[in-house]
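What follows is a short report on a single structure.
The values are calculated or read from the model by the stated rules, or taken from the named source; none is laboratory data. All values derive from a computational prediction rather than experimental measurement. A quick note on method: Cβ atoms are made from the backbone with ideal geometry, for glycine too, and the neighbour counts reach across all protein chains shown. Accessible surface areas use protein heavy atoms only, side chains included; no ligands, DNA or RNA. Shrake-Rupley method; radii C 1.70, N 1.55, O 1.52, S 1.80 Å.
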Amino acid sequence: MSIQRILIYPEDCLKKVAQPIQDFGTDDLKTLVQDLLDSMYDAPGVGLAAPQIGVSLRVAVTDVNWRSEGAEKQHQVWINPEFLWKSEKTEITEEGCLSLPDMYADIERPSALRLRWFDVVGNVFEEDFEGFQAVALQHEFDHLDGKVFIDYVSALKRRMMVKKLKKKYFS
Ligand code: NI
């Protein structure tokens with residue numbers, strides 16, 4: 001079990017485009033996935049992407065239901081995820097992020113999507129998602145492109161949020 005420090009925005013790794021995994025099934029990749037899961041459950045959060053623990057690779061984990069009353073842990077691992085389709089229909093969800101503690105904003109995103117991704121040993125999957133799962137996946141995979149949810153809010157609101165984070169965590 002290895003809980004990693006979760007980076008706080010605007011630390012550098014959170015703003016970089018992450019690199020795809022080339023070699024599957026390696027001990028390094030398995031360790032990274034376990035570190036992500038340990039860190040996500042410890043935080044506690046429902047999703048965590050590798051750049052959030054300072055690793056600029058296209059890997060993320062989610063467990064969107066485990067914090068609900070009576071739910072069991074049931075994590076999913078996403079490697080090199082790629083959106084094949086996103087719906088025109090959108091929905092607005094209040095989002096937060098472990099890398100932006102205590103910050104929340106209503107974000108509009110496509111409400112359904114089709115995804116292709118790999119697992120740790122390199123099996124490829126394709127599946128449709130909708131609702132909260134679809135929103136959570138888009139949020140997590142934004143991290144792989146160096147984006148965070150406040151990139152979708154007004155410049156003024158974003159500046160205020162970054163200022164608060166800098167004051168609290170970097171001064
Ligand atoms: Ni996040």
Quick one: 3J(HN,Hα) in Hz for segment 87-95, Karplus 6.51/-1.76/1.60 with θ = phi - 60°, rounded, Gly and Pro as x. 6, 6, 5, 10, 9, 9, 10, 6, 10
Explain nothing, just the number: relative contact order of segment 3-116, from Cα pairs under 8 Å at least 6 residues apart, as a whole percent. 24
5 Å is the cut-off here: which amide hydrogens, built 1.01 Å from N in the peptide plane, fall below it relative to LEU57, excluding neighbours closer than 5 in sequence? GLN19
Per-residue SASA entry for TYR41, accessible area with 1.4 Å probe, Å² rounded to 10: 40
If you count only protein heavy atoms with a 1.4 Å probe, what accessible area per residue comes out for segment 12-169, rounded to a whole Å²? 54
Whole-percent pair-distance distribution, where bins are 10 Å wide, for the alpha carbons of segment 12-169: 10, 39, 38, 12, 1
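Work through the residues other than TRP117 whose Cβ is under 9 Å from its Cβ and net out their charges, Lys, Arg +1 and Asp, Glu -1.
Numbers: positive: ARG116; negative: GLU82, ASP119, GLU126, GLU127.
Combined, the nearby Lys, Arg, Asp and Glu give -3.
In the chain, which helices (entire DSSP H runs) extend 27 Å or more along their own long axis, judged by Cα positions, while averaging at least 1.0 on the Kyte-Doolittle scale?
Working: long enough: none.
Helix filter hits for the chain: none.
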Divide by every residue of the chain the summed helix terms, -39500 (n - 2.57) for each DSSP H run of at least 4, and state the resulting mean residue ellipticity at 222 nm, rounded to the nearest 500 deg cm²/dmol. -8500 deg cm²/dmol
For VAL46, what residues show an amide H to amide H distance below 5 Å, using hydrogens built from the backbone and excluding near sequence neighbours? none
For THR90, what residues show an amide H to amide H distance below 5 Å, using hydrogens built from the backbone and excluding near sequence neighbours? SER111
In whole Å, how far is the Cα centre of segment 20-68 from that of segment 135-171? 19
In order over segment 53-65: 3J(HN,Hα) from phi, Karplus 6.51/-1.76/1.60, θ = phi - 60°, whole Hz, x for each Gly or Pro, gives 10, x, 10, 8, 10, 7, 9, 9, 10, 9, 8, 6, 10
Summed over the other residues with a beta carbon less than 12 angstrom from that of THR93, with K and R at +1 and D and E at -1, the charge totals -4
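Considering only protein heavy atoms and a probe of 1.4 Å, how much of the accessible area of segment 12-169 is carbon and sulfur, as a whole percent?
Values: 3930 of 8490 Å².
Here it works out to 46 percent.
How much length is gained on full extension from ALA71 to MET160, taking 0.36 nm per residue of separation minus their Cα-Cα distance?
Working: separation 89, 0.36 × 89 = 32.04 nm, distance 3.62 nm.
Stretched out fully, the ALA71 to MET160 stretch lengthens by 28.4 nm.
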Loop by DSSP (not H, G, I, E, B), at most 15 other beta-carbon atoms within 10 Å: where is the longest site-free stretch of the chain for GluC sites (Glu not before Pro)? 89-171
Enumerate by residue number the trypsin sites (Lys or Arg not before Pro) in segment 43-89 meeting two conditions: DSSP loop (anything except H, G, I, E, B), and at most 16 other Cβ atoms within 10 Å of the site's Cβ. ARG67, LYS73, LYS89
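Report, in debye and to the nearest 20, how large the dipole of segment 12-169 comes out about its Cα centre when Lys and Arg carry +1 and Asp and Glu carry -1 on their Cβ. Intermediate values should be presented prior to the final figure.
Numbers: 20 positive and 27 negative charges, 210 e Å.
Charge dipole of segment 12-169: 1000 debye, to the nearest 20.
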